[in-house]
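Here's the structure, in structure tokens; my notes come after.
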There are 2 protein chains.
Amino acid sequence: MLNTTLKKIILIFGALTLCVLILFRLSSYIVVSESVAVEWIIAGFAILFFVIGIFLNKRSLQKKQLATPTEIDRKMIETLGISKREYEILVKISEGCSNKEIGEALFVSESTVKSHISNLFSKLDVKRRTQALQRAKELKIIG
Amino acid sequence: MLNTTLKKIILIFGALTLCVLILFRLSSYIVVSESVAVEWIIAGFAILFFVIGIFLNKRSLQKKQLATPTEIDRKMIETLGISKREYEILVKISEGCSNKEIGEALFVSESTVKSHISNLFSKLDVKRRTQALQRAKELKIIG
DNA sequence: GTCATTTTCGTACTTTAGTATGAGTGTCCA
DNA sequence: TGGACACTCATACTAAAGTACGAAAATGAC
């Protein structure tokens, strides 16, 4: 990540420096020829850099959006003291499974599932599984 | 929506026109005084508009992201034959509400809520509310 | 007005969810 | 070795959730 970011920064600054140098050469020639008003040159470059700014910014923001669709906050899971088993069951709940189905999927009894769910609910501070889903999403601990 | 967009466009173009006018005045004075090189004036305005471009673009993209985190497929809702009331209840389910709470929120009895939910479930082809949520999300009919 | 659909509500019932309590097992660490 | 913790399971209970009828009023289109 850091290498990629550094490379980008170097590339962008390099490109900008190049642009400024080209700009200097061009403006000298144009000013010397005296055929065009200075205001139009300035306006042209202003618009050019305005567009460049928009373009670069749009690309960087788009990549950011694609890179992180929904990042899971594993630190939050630890903070809440949610164990592996409890989290597995939370995922199963988000898949729409009943307690019985969860038990069959994880090879434990329905009683066990209920125990885990009760503990999970108190850790999430909720009363129902639908509430648990909503809370888990806002805490970004499920996708 | 259209009014807001139009207003924004008018405002932005107005601001840009104003900037260009100010730019003309300033450049005239500076060029006349001959105390600064023309290149530096151009470079200054280029950087200025570069920054303005980034700023405007960032703001517009941020608003877009907040406004539509996940686009809702309203055509799918029609296709499935889900009525307004049923959809309202689906949203309430996604907020973690119990049938009782939904009834209180929509000013109807719990029986009515149950009726709607039964119809909704058959339209979504599910058996439980957690399944309904999962299905509604993969069909992109809730956020 | 008539017809289809939506919305509303009820009762009776079955199933699932969730709580409370207790207890056995295994693991890891001090 | 003793304690903290996670995982397991059971029983008994209460509370929601969901189904299956039936039925009345409101809405909107034809």
| field | Filter result for B:Ser122 (more than 8 Å from DNA strand C (Cβ to nearest atom), over 26 Å from A:Thr70 (Cβ atoms) and more than 22 Å from the chain's Cα centre (by Cα)) | value | yes
| note | Over segment B:68-95, the set of residues surrounded by 19 or more Cβ atoms within 10 Å (Cβ to Cβ) and part of a loop (DSSP other than H, G, I, E, B) is B:Ile82
| task | Return the only residue of A:Ile52, A:Ile141 being more than 10 Å from DNA strand D (Cβ to nearest atom), in a loop (DSSP other than H, G, I, E, B) and under 30 Å from B:Lys58 (Cα atoms). | result | A:Ile141
| task | Could you list all residues from segment A:27-49 that are under 13 Å from B:Leu48 (Cα atoms), among the aromatic types (Phe, Trp, Tyr) and at pLDDT below 75? | result | A:Phe45
| Taking the stated definitions as given, is B:Ser98 more than 12 Å from DNA strand C (Cβ to nearest atom), within 21 Å of A:Gln134 (Cβ to Cβ) and of a type in the set (Ser, Thr, Tyr)? | no
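The values are calculated or read from the model by the stated rules, or taken from the named source; none is laboratory data. As the structure is a computational prediction, the values presented were derived from the model and not from experiment. Every residue, glycine among them, receives a Cβ derived from its backbone with ideal geometry; neighbour counts consider all protein chains shown.
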